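**Student:** Have a look at this one before I ask anything.
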Amino acid sequence: MLLCLSPAWLTKVPAPGQPGEAALLVSKAVSFHPGGLTFLDDFVPPRRATYFLAGLGLGSCWGREAAELARDLTCPTGASAELARLLEDRLLTRRLLAQQGGVVVPATLAFTYKPPVLLRGGDASQGLRLVELSGKEGQETLVKEEVGAFLLSEALGDALQVAVKLSGWRWRGRQALRLYPRTELGTVVDTVLALLEKLEEEESVLVEAVCPPARLPFPGSPPPGPELAVRICAVVCRTQGDRPLLSKVVCGVGRGDRPLRHQSSLPLTLEVALAQCGLGEAAQVAVVRRRVKAAAEAALAAVLALETGLSAEQRGGRRARTDFLGVDFALTVAGGALTPVALELNGCLCLEACGALEGLWAAPRRGPAAEAAAAAPLVETMLRRSARCLMEGRQLLLIGAGGVSKKFVWEAARDYGLKLHLVESDPNHFASQLVQTFIHFDVTEHRRDEENARLLAELVRARGLQLDGCFSYWDDCLVLTALLCQELGLPCNPPAAMRLAKQKSRTQLHLLRRHGPPWPAPSLHAVPCCPLESEADVERAVRQVPLPGVMKLEFGAGAVGVRLVEDAPQCHEHFSRIARDLQGEADHPGIGLGWGNAMLLMEFVEGTEHDVDLVLFGGRLLAAFVSDNGPTRLPGFTETAACMPTGLAPEQEAQLVQAAFRCCLGCGLLDGVFNVELKLTRAGPRLIEINPRMGGFYLRDWILELYGVDLFLAAAMVACGLRPALPTHPRARGHLVGVMCLVSQHLQALSSTASRETLQGLHDRGLLRFNQLEEALVPGEYEEPYCSVACAGPSPAEARLRLLGLCQGLGIDGPQYPVAHFLSHFK
């Protein structure tokens, strides 16, 4: 991230193949480093910007130059002069907010001269009267009638004063505020007529109600002095999926008989500001905060909806968007309730006020005060858009398409502008029509992976593919992918590391020998086990591994064939059953039988089960996401329920993250997105297994929804040798609790009350999250979950209650599948 203090440090150059657009190059900038270090750097050659945010607000001495630099860039921009002008038109934004719903605006009478296209026509808005003038002169009678009716209207409520002002980008910050008693009709009319003479096309004169300050009940006797008013500034940012998110609220307190402006009052938190005015009860303050949040986020939603209908020229460029917004509120009483009334929108003033509040702390603080940096969601959006810019047009080879659970890949690739080339065994796979190049190649015989990697490398070269990276999210193809990357000279983990992580017994036995340094060593998390290839191995294993134990396929996936065994006869019986039923890929495709059906016996460890999804680059941990799993239906281990974010204490969560990280490093996994399954025992985390690829089932979807981080994009970036810029300690924006549906338990419901069409319809209405994992409703002894159904909520308890109610109504809950029991672990 670079700060440019002069437009001379930046240069626009025409972008090849993109007529009318330009790339932005940086030749000099201030750079920022850990520990508070800053440097003034010269870049030779100049660096190409992948995101640009220009200072276009009031007081910017380089406003015109910055506006020109921001126009029609090939990189994303978080503001433009064209969008700023729309925000500075108070009449346009007031009408926009009045029509949005969920936002209260002051009653307003507007006289407009040749209004802009965006103000013509449309539905009338409550409390907003728009009068179009044919000329600026000879309007005395019309103005007097309209102003007289407005001053007597019920829309003004308890307002005793009105403000008269000019509206239009030319007048922002360049006029004195004129306040008049509501009873002085003649004075208000004269002021309006005088201002009409100054109007140019697309400008307006506004007469608006001045919201009376809320009279808050002061405990005891009210303090002496004038009545106080509160002005609230809210910063709201555009996040993943164009969803608004309130990032911070800052307030100013001043005399109620004078207008409160930015930079004319000290910045205060909402709690302190309301307490100074007499409202100190926490529950009431929380109500005000919720109302401010809802109104501020609705305001940005209205602006984003407006922008989607604008042309690239109207926005100031194809990639120009409003990434953050300041919303100014007055706090008043409407309908007997404390109500924030939106006065205006701005680009930078509210963010500056939040920065001033954060700057009041003399030293860094722990806890909530340190967590809520106003710019944090904005920075995440900058980095997300920058990553998209970096990845657009990248050529990636994907090994293995996967099934219906990976349909999101093709939509995401199109959204990010990735050019995918696919290697897949199924010549009729639906994804063959969704990629740049389709290479039909049998990748199921893994004993020939090294030979297949050489053959595939020759095919890639013969087709002239210029690849930026190669990766896979499909278990069966991970070792082949590493070997192919090695052949093509592309970034990847060593094939030996992928082999080690892919074979479950080798993973555990290897880590058991890793005693450090560094400490704590991976051996602390590994679990004793024994590989099984014959009945003789089973006999030896039951003497070496304490029982009860867990038997599973060495190269398995989806918990297929995993079983709790209590004694030696059960071990022999289960080994024989798997040897008979699951001999090769045709018996159960996609669970690793192309590697053979060898098994292992490992010690059964008591504790709660958790998934840790990691992003690593160069051996460094960039991000980690922890989820909790519900109890399995023993003796099987098919997943039943899950919750994210984790409900563990921070120290326990940190233990899981560090255990997962150390186990990956211990196996030589340094770069990529990995899913690590662990149990948290009374003695600390114990490793179940490492999946050296992106987490399956619902995990990518949930992490994207809660944290705004796309593991698919992160995996693609790492495959291209690019370090994803991710929040180190991401904050979840809610809670998700879900259950798995199994054909063996839910066939009747999935064929009727909880059909795919019904679940998809509920998903589209935002009532639940539906992730389909299998294509067909086919029961079988060795089954994987058919789908995941989840509910969101502001707390785990609320999400859990919503999900339980839905499961009961849909027929998913029942005596043989007690959802309440599966969810009880998340209390």
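The values are calculated or read from the model by the stated rules, or taken from the named source; none is laboratory data. Keep in mind the model is a prediction, meaning the values are calculated, not measured. All Cβ positions, even for glycine, are placed from backbone atoms using ideal geometry, and neighbour counts span all protein chains on display. We work out accessible area using only protein heavy atoms, side chains counted, and drop any ligands, DNA or RNA first. Shrake-Rupley method; radii C 1.70, N 1.55, O 1.52, S 1.80 Å.
**Student:** E307 versus (1) open to solvent by 40 Å² or more (accessible area, probe 1.4 Å); (2) part of a helix (DSSP H, G or I); (3) of a type in the set (D, E): which is the lone unmet condition?
**Tutor:** It is condition (1) that E307 fails.
**Student:** What are the pairs, 6+ residues apart or on separate chains, where a residue within the range 522-534 that is open to solvent by less than 50 Å² (accessible area, probe 1.4 Å) has its Cβ under 7 Å from a residue that is in a strand (DSSP E or B) and among the small types (G, A, S)?
**Tutor:** Between residues of the range 522-534 that are open to solvent by less than 50 Å² (accessible area, probe 1.4 Å) and residues that are in a strand (DSSP E or B) and among the small types (G, A, S), there is no close pair.
**Student:** Please identify the pairs in which a residue from the range 430-444 that is under 17 Å from P589 (Cα atoms) has its Cβ atom under 6 Å from the Cβ atom of a residue that is charged (D, E, K, R), counting only partners at least 6 apart or on another chain.
**Tutor:** Close Cβ pairs satisfying both conditions: T444/E585.
**Student:** Going through the range 381-401 one residue at a time, which ones are assigned to a strand (DSSP E or B) and either crowded, with 20+ Cβ neighbours inside 10 Å or without any contact (Cβ under 8 Å) to a residue 12 or more places away in the chain (or both)?
**Tutor:** L396, L397, L398, I399, listed by residue number.
**Student:** Six or more apart or on different chains, Cβ under 6 Å: which pairs go from a residue in the range 804-826 that's on the phi > 0 side of the Ramachandran plot and charged (D, E, K, R) to one that's open to solvent by 50 Å² or more (accessible area, probe 1.4 Å) and at pLDDT below 95? Could you list them?
**Tutor:** none
**Student:** Please specify each residue of the range 769-812 satisfying the condition of being closer than 17 Å to L706 by Cα and out of contact with any strand residue (DSSP E or B) (no Cβ under 8 Å at 6 or more places or on another chain).
**Tutor:** Of everything in the range 769-812, just one residue is closer than 17 Å to L706 by Cα and out of contact with any strand residue (DSSP E or B) (no Cβ under 8 Å at 6 or more places or on another chain), namely A797.
**Student:** Could you list all residues from the range 273-286 that are of a type in the set (A, V, I, L, M, F, W, C), part of a helix (DSSP H, G or I) and surrounded by 14 or more Cβ atoms within 10 Å (Cβ to Cβ)?
**Tutor:** Within the range 273-286, A273, L274, A275, V285 qualify.
**Student:** A follow-up question, please. Being β-branched (V, I, T) and surrounded by 13 or more Cβ atoms within 10 Å (Cβ to Cβ) is the filter here; which residues of the range 21-41 pass it?
**Tutor:** V26, V30
**Student:** Right, here's the next one. Restricting attention to the range 158-211, which residues are in contact with a helix residue (DSSP H, G or I) (Cβ under 8 Å, 6 or more places away or on another chain) and aromatic (F, W, Y)?
**Tutor:** Correct list: W169, Y180.
**Student:** Step by step: first the residues of the range 402-428, then only those that are open to solvent by 20 Å² or more (accessible area, probe 1.4 Å) and in contact with a Phe, Trp or Tyr (Cβ under 8 Å, 6 or more places away or on another chain), then the one that is farthest from L711 (Cα to Cα). Which residue is that?
**Tutor:** Only one residue tops the list, namely S425.
**Student:** Which of (1) touching a helix residue (DSSP H, G or I) at 6+ places or on another chain (Cβ under 7 Å); (2) under 26 Å from E603 (Cα atoms); (3) modelled with pLDDT under 95 is the odd one out, the single condition T638 does not satisfy?
**Tutor:** The one condition T638 does not meet is (1).
**Student:** Out of all the residues in the range 606-621, is one or more closer than 30 Å to D442 by Cα, in a loop (DSSP other than H, G, I, E, B) and touching a strand residue (DSSP E or B) at 6+ places or on another chain (Cβ under 9 Å)?
**Tutor:** For the range 606-621, residues closer than 30 Å to D442 by Cα, in a loop (DSSP other than H, G, I, E, B) and touching a strand residue (DSSP E or B) at 6+ places or on another chain (Cβ under 9 Å): absent.
**Student:** So, in the range 504-521, of the ones that are charged (D, E, K, R) and crowded, with 17+ Cβ neighbours inside 10 Å, which residue ends up farthest from E554 (Cα to Cα)?
**Tutor:** Going through the qualifying residues, I end up with R514.
**Student:** Identify all residues within the range 757-779 that are free of Cβ contacts under 8 Å to residues at least 40 places away in the same chain and more than 26 Å from the chain's Cα centre (by Cα); write none if there are none.
**Tutor:** Of everything in the range 757-779, those that are free of Cβ contacts under 8 Å to residues at least 40 places away in the same chain and more than 26 Å from the chain's Cα centre (by Cα) turn out to be E757, A776, L777, V778, P779.
**Student:** From the list L152, L185, L128, L196, which residue is within 41 Å of the chain's Cα centre (by Cα) and of a type in the set (A, V, I, L, M)?
**Tutor:** L128
**Student:** What pairs come out if I take residues in the range 233-245 that are closer than 17 Å to R385 by Cβ and open to solvent by 30 Å² or more (accessible area, probe 1.4 Å) and pair them with residues that are charged (D, E, K, R) and part of a strand (DSSP E or B) whose C-beta lies under 7 Å away, six or more apart or interchain?
**Tutor:** Correct list of pairs: P244/R238.
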